[in-house]
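Read through the structure below, which is laid out as structure tokens, and then see the notes.
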Amino acid sequence: MALHEFVGNANEAEDQLRKPQLRIKAKPFSKATLIIQLTLGLLAALTVYGFATFDYKEINLFDGIRSTAATIKTMFFEPHLKHFTFLEAIQKVIITLGLAFLTTLFGAIIALFLALFAARNLSSNLVSMTIKGGVTFIRAVPTVLWVLIFAVAAGLGSVAAVIGMTFHSVSYLVKAFSESFEELDKGVIEALKASGANWWQIVFQAVIPSSITYLISWTFMRFEINFAVAVAMGAAAGAGGIGFDMFMASGFYYDVREVGVITYFILFFAVMLEILATRIKKKLRSKV
């Protein structure tokens, strides 16, 4: 080894020794950490106690697990159609998609208007807090409850499902849209106001163009949610579509093979919606 290489290695080792050693700082034990740990421990203990004291009605746990596994195997590995044809299944899925599309369209239009007044940089604090408080209350109630509430007036069916799903979609999209509007740079709004632009000109020339990708992204996300909700509403509220056929196959006919086919149909269309949404988002981002 050459002398200069030896000296260089010695200097490098000396520099490493002079560097301060990194120390991993442990998080201090706090009251919140104690409460979280006690809560998790209590939930675990209650779970164990529940399994230990549950009345199994002379049913062996392992036999039940084997029976469930056999049912799942029959459902997903031996699917067949018995009470309707393949084309009828496609038609029922399209009805469910139409229900989801209709509620998303109505919800997005109403939510866009309300979100403009809910955004703090476009409205007063009183109006903003009033709208956000109202949609928070609506969003806290599950969609199926809103559908059943409107079913009292409109009766069980597609009308109550559309109104209830639209109601919940508005509350969801108002929050998403208003937060997108609030991310707009205040300097842009102040510059437009200084140039003499009125409120509507600010909205259509600055707010919506800068937030269009977020608006479409959130709308498609809600559309995917509404598709899943529409399947459930077909059974719970009699809204029709593939959800009602799943309810009949599982609860009335008890044909698990047909339930498996319907599940595959729902999964296929859900995946197609996700692929379509992803491609549209990529195109919009590439244009921006």
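The values are calculated or read from the model by the stated rules, or taken from the named source; none is laboratory data. In this text, all values refer to a predicted model and were calculated from it rather than measured experimentally. Every residue, glycine as well, gets a Cβ built from its backbone with ideal geometry; the counts of neighbours run over all protein chains shown. All accessible areas refer to the heavy atoms of the entire protein, side chains included, with ligands and DNA or RNA removed. Shrake-Rupley method; radii C 1.70, N 1.55, O 1.52, S 1.80 Å.
The table below gives the values:
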item	result
Contacts under 6 angstrom Cβ, first residue in the range 208-223 being farther than 22 Å from I189 by Cα, partner hydroxyl-bearing (S, T, Y) and open to solvent by 30 Å² or more (accessible area, probe 1.4 Å), 6 or more apart	R222/Y172
Qualifying residue in the range 83-90 (condition: of a type in the set (D, E, K, R) and closer than 25 Å to V231 by Cα)	yes
Flag for V231 being at pLDDT 85 or above and at negative phi	yes
Failed condition for G155, given (1) more than 17 Å from the chain's Cα centre (by Cα); (2) open to solvent by 60 Å² or more (accessible area, probe 1.4 Å)	(2)
Qualifying residue in the range 75-98 (condition: modelled with pLDDT of 90 or more and either in contact with a strand residue (DSSP E or B) (Cβ under 6 Å, 6 or more places away or on another chain) or open to solvent by 80 Å² or more (accessible area, probe 1.4 Å) (or both))	no
Only listed residue being open to solvent by 10 Å² or more (accessible area, probe 1.4 Å), out of contact with any Leu (no Cβ under 7 Å at 6 or more places or on another chain) and not in a helix (DSSP H, G or I), chosen from G251, G240	G240
Cβ-Cβ under 6 Å pairs, at least 6 apart or on other chains, the range 150-168 side assigned to a loop (DSSP other than H, G, I, E, B), far side surrounded by fewer than 22 Cβ atoms within 10 Å (Cβ to Cβ)	L156/G238; G157/G238
Number of the condition not met by T104 [criteria: (1) more than 19 Å from the chain's Cα centre (by Cα); (2) at pLDDT 85 or above; (3) open to solvent by less than 60 Å² (accessible area, probe 1.4 Å)]	(1)
Which numbered condition I189 fails, given (1) open to solvent by 60 Å² or more (accessible area, probe 1.4 Å); (2) farther than 27 Å from I94 by Cα	(1)
Selection status of S128, exposed (fewer than 14 other Cβ atoms within 10 Å of the Cβ), out of contact with any Cys (no Cβ under 8 Å at 6 or more places or on another chain) and among the polar types (S, T, N, Q)	no
Tally of residues being surrounded by 14 or more Cβ atoms within 10 Å (Cβ to Cβ) and either within 16 Å of the chain's Cα centre (by Cα) or within 13 Å of T166 (Cα to Cα) (or both) across the range 131-147	8
